[in-house]
Amino acid sequence: MNDPSLPAIAANLARVRERMARAAASAGRDPGDITLVAVTKTHAWPYVAAALAAGQIEFGENRPEEAFDKFRGVPHPEAAHARLHLIGPIQSRKARLALDCQPVLIHSVDRLKIAARLSALAQELGQPLDILFEINISGEATKAGFSPAGLAAAAPELLALPGLRPHGLMAIPPFDPDPESARPHFVALRRLRDDVARLFPQGDWSQLSMGMSDDFEVAIAEGATIVRVGSAIFGPRE
Ligand SMILES: *Cc1c(COP(=O)(O)O)cnc(C)c1O
């Protein structure tokens, strides 16, 4: 597992976990309440294998095709131990493939239409699907996700979909190398969660998926329960 062409994945993982623990402690939070999803998109199987060997179990991919090929379509016996999170946009025609990935959580349900489609497919399979709603928290025109008002408007319908088990919200703030610039967006996502939890107490809104390599410590300070970290563990992507 010490392929010299790979970055120091075990050491990087240990460093990220240590930074997470320190951020949790500063915020008076239990580090055990925060899940690290290691994002392996664009990286080949040996990167996943190295992380698995270092004890990492939760992995994230943003494209269903790549996720399936890497984790489910190949005979890597260790892949059976990996818990796969889908974190990218799901097109309607890829919904079936997304379910075939057997994700433990889809973070990126970003509109009612795809929610309904995933629900119908999950019902067909007789297996409820655990999901988060992606929120366009910055209101950028190019970003996917429910607007905050759109989520509140659609929530009764979303929560009634029989194949889905929603657990909370996810967001991707605008890219900015300064982690502090993400803080107001993380605060806004947490407040939206608090609002919908009050308005729709029949739902589970416990999870907040926010924070990436550049800003996961700020996200933890603001209440993240799941951070999605790629390059800080696996190095830069092409
Ligand atoms: C790629 C990706 C990440 C990880 O990004 P890094 O900056 O490499 O940590 C997190 N979330 C989503 C949705 C992504 O697509």
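The values are calculated or read from the model by the stated rules, or taken from the named source; none is laboratory data. What you see is a predicted model, and the numbers here were worked out from it, not measured in a lab. Virtual Cβ from ideal backbone geometry, glycine too; neighbours counted across all protein chains shown.
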**OP:** Could you grab the pairs with beta carbons closer than 8 Å, sequence gap of 6+ or different chains, first residue in the stretch 218-236 and under 17 Å from Glu180 (Cβ atoms), second one near the ligand (Cβ under 9 Å from one of its atoms) and assigned to a helix (DSSP H, G or I)?
**Re:** Ala224/Phe216; Val227/Phe216
**OP:** Filter the stretch 48-99 down to the residues that are over 22 Å from Ala116 (Cβ atoms), part of a loop (DSSP other than H, G, I, E, B) and hydrophobic (A, V, I, L, M, F, W, C), then identify the one that is farthest from the ligand (Cβ to nearest atom).
**Re:** Val74
**OP:** Take Thr42 and decide whether it is at pLDDT 95 or above and surrounded by fewer than 18 Cβ atoms within 10 Å (Cβ to Cβ).
**Re:** yes
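Select from the stretch 38-47 the residues that are among the hydroxyl-bearing types (Ser, Thr, Tyr) and in a loop (DSSP other than H, G, I, E, B) and list them in ascending order.
Looking only at the stretch 38-47, we keep the residues that are among the hydroxyl-bearing types (Ser, Thr, Tyr), and these are 40, 42, 47.
Once the filter is applied, which keeps residues that are among the hydroxyl-bearing types (Ser, Thr, Tyr) and in a loop (DSSP other than H, G, I, E, B), the stretch 38-47 yields Thr40, Thr42.
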**OP:** From Glu65, Glu58, grab the single residue that is closer than 30 Å to Gly223 by Cβ, modelled with pLDDT of 95 or more and not hydroxyl-bearing (Ser, Thr, Tyr).
**Re:** Glu58
Original post:
Restricting attention to the stretch 175-214, which residues are more than 25 Å from Ile233 (Cα to Cα) and free of Cβ contacts under 8 Å to residues at least 40 places away in the same chain?
Top reply: Pro184, Val187, Arg190, Arg191, Arg193, Asp194, Ala197, Arg198, Pro201, Asp204, Trp205, Ser206
**OP:** Determine if the stretch 105-118 includes at least one residue that is among the hydroxyl-bearing types (Ser, Thr, Tyr) and in a helix (DSSP H, G or I).
**Re:** no
**OP:** For Leu6, state whether it is free of Cβ contacts under 8 Å to residues at least 60 places away in the same chain, touching a helix residue (DSSP H, G or I) at 6+ places or on another chain (Cβ under 6 Å), outside any helix (DSSP H, G or I) and among the hydrophobic types (A, V, I, L, M, F, W, C).
**Re:** yes
Subject >> the stretch 106-126 residues that are more than 17 Å from Pro148 (Cα to Cα), paired with ones that are part of a strand (DSSP E or B) (beta carbon under 6 Å, 6 or more apart) >> reply: Ile106/Leu86; Ile106/Ile131; Leu118/Leu129; Ser119/Leu164; Ala122/Leu129
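Can you go through Gly211, Gly223 and tell me which one is within 11 Å of the ligand (Cβ to nearest atom), touching a strand residue (DSSP E or B) at 6+ places or on another chain (Cβ under 9 Å) and under 21 Å from Arg29 (Cβ atoms)? Working first, answer last.
Numbers: Gly223 fails: within 11 Å of the ligand (Cβ to nearest atom).
The conditions single out Gly211.
Can you tell which of Leu158, Leu189, Leu151 is under 16 Å from Met212 (Cα atoms), of a type in the set (A, V, I, L, M) and buried (at least 21 other Cβ atoms within 10 Å of the Cβ)? If you could, list the steps in order and put the result at the bottom.
Numbers: Leu158 fails: under 16 Å from Met212 (Cα atoms); Leu151 fails: under 16 Å from Met212 (Cα atoms).
After applying the criteria, what remains is Leu189.
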Subject >> The lone exception for His81 - which of (1) touching a helix residue (DSSP H, G or I) at 6+ places or on another chain (Cβ under 8 Å); (2) modelled with pLDDT of 95 or more; (3) closer than 23 Å to Thr225 by Cα it fails >> reply: (2)
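Please find, among Val218, Val187, Val196, the residue that is within 21 Å of Ser26 (Cβ to Cβ), away from the ligand (no atom under 16 Å from the Cβ), modelled with pLDDT of 95 or more and out of contact with any Leu (no Cβ under 6 Å at 6 or more places or on another chain).
Working: Val218 fails: away from the ligand (no atom under 16 Å from the Cβ); Val196 fails: within 21 Å of Ser26 (Cβ to Cβ).
Testing whether each residue is within 21 Å of Ser26 (Cβ to Cβ), away from the ligand (no atom under 16 Å from the Cβ), modelled with pLDDT of 95 or more and out of contact with any Leu (no Cβ under 6 Å at 6 or more places or on another chain) leaves just Val187.
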